[in-house]
């Protein structure tokens, strides 16, 4: 095959841009915003708090408003909504109730809620440290220094930093625990805060300090979602053809940029030029030994490719993805194994060895990244049926039609 694709915008960039726009000192435009379930939930949450998010076109306009009335926030399956919005809700003068899909009640949020309490925010969660909970704002947050264990999710850090400039004392976040996963996402948060004129200090390991002050109104142009590029670039790898993803940035804070190095190591030809990122399969797909700690969201797609490789693979440093939309390590071991893969689940990763694969049902556990893994295997193995492909709508609306159009 020889395909050129234009992908929707980054969910991570879109939702951060929306939060910062909602607390800015004037209206902001988020250009090429991703329209998906996660971003629609974020827009609805910020509107419920008192801002106005106009999602009528490809460019979304956010007009900040007073956070006053009581509100309800549906987090769905969006970790960014569950974690980024409560620190903003602390600025409200009303009671903001949070809940989401059933699985969200098992995703970690207790560290953020505990941090908010120590910063002066009232949170009622019945002692569960999970959804549902209510944030009762008093019109402002004292802020100051807070210690969190963000070893389960970098979003714990980003959540506090995004709202921090609006706190009376700003916020000084210090991590204590095992290494923070997905550090590029914190770098993304810091870079976007600085674009809004916020003073951020991050020159000390495991410490991020945001100074109090205004969040300047700034428009954002959202990059393509590079992690969502994984199944399309993988299609080139397994088919021996070429796929080009348009508008691939030459410099980015997105974790998905790591695909360039991963696919090169697996034997693909990878070229970045003004046309975008072009990946060409070379007829051989080789196993890798790689630490994906900082880019864990790529693990499902990479694991799928490794199940098709001609030599063993070891994916390490990703124990934290057990707490994502589903336990991704257990899910990948189960579903790839059911199709014949020789895969062993490790405490912090997966080991895969070459084995002949066969058709069957690949379950997604309502997890968009699991669906990506399924379609990659299905592109190379006859008779693979990916269950609940619609779950890809979390970050990629109409994925199934788009994918089918390529084939």
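For the stretch 23-118, the ratio of Cα radius of gyration to the globular rule of thumb 2.2 N^0.38 Å stands at 1.08. A simple spin-label model places pseudo-atoms 7 Å from Cα toward Cβ; at residue 346 and residue 1 they are separated by 3.1 nm. Extension gain for residue 216-residue 382 works out to 54.4 nm (0.36 nm per residue, less the C-alpha to C-alpha distance). By the equivalent-ellipsoid construction on the alpha carbon gyration tensor, the chain comes out with semi-axes of 37, 22, 19 Å, ordered largest to smallest.
Residue separation times 0.36 nm, minus the C-alpha to C-alpha distance between residue 66 and residue 118: what's the value?
Answer, rounded to one decimal: 16.3 nm.
Beta bridges assigned by DSSP with both partners in the stretch 133-240 are antiparallel in approximately 60 percent of cases. What separates the Cα centres of the stretch 130-206 and the stretch 336-392 is a distance of 35 Å. With the convex hull drawn over the C-alpha atoms of the stretch 227-406, the volume per residue is 101 Å³. Ordering 88, 62 from the fewest to the most neighbouring beta carbons within 10 Å gives 88, 62. Here r is the Cβ-Cβ distance between residue 353 and residue 269 and R0 is 30 Å; the resulting FRET efficiency, rounded to 0.05, is 0.75. Taking every C-alpha pair closer than 8 Å and separated by at least 6 residues, the mean separation divided by the residue count of the stretch 144-272 gives a relative contact order of 22 percent. How high is the relative contact order of the stretch 293-396, in percent, counting Cα pairs under 8 Å that sit 6 or more residues apart? Relative CO of the stretch 293-396 lands at 27 percent.
Using just its DSSP H runs of length 4 or more, each adding -39500 (n - 2.57), the chain gives a mean residue ellipticity at 222 nm of -9000 deg cm²/dmol after division by all residues.
Modelled label positions at residue 147 and residue 322, each set 7 Å beyond Cα in the direction of Cβ, lie 2.5 nm from each other.
When 104, 42, 82 are arranged by Cβ crowding within 10 Å, least crowded first, meaning fewest neighbours, the order is 104, 82, 42. Quick one: check the C-alpha center-to-center distance for the stretch 265-328 versus the stretch 15-91, whole angstrom. If we compute the Cα centre of each part, the gap is 32 Å. Normalising the average separation of contacting C-alpha pairs (under 8 angstrom, six or more residues apart) by the number of residues puts the relative contact order of the chain at 14 percent. Using the beta-carbon distance between residue 205 and residue 59 and R0 = 51 Å, what value does 1/(1 + (r/R0)^6) give for FRET efficiency, to the nearest 0.05? Approximately 0.85, to the nearest 0.05.
So if we plug the beta-carbon distance of residue 390 and residue 194 into 1/(1 + (r/R0)^6) with R0 = 35 Å, what FRET efficiency do we get, rounded to 0.05? According to the calculation, E is roughly 0.40. Residues 166, 128, 401 in ascending order of nearby Cβ atoms (within 10 Å, fewest first): 401, 128, 166.
Read-outs throughout are calculated quantities, based only on the coordinates presented, and are distinct from any laboratory measurement. Here the structure is a predicted model, which is why all the values come from computation and not from measurement. No Cβ is skipped: glycine too gets one built from the backbone with ideal geometry, and neighbour counts run over all protein chains shown.
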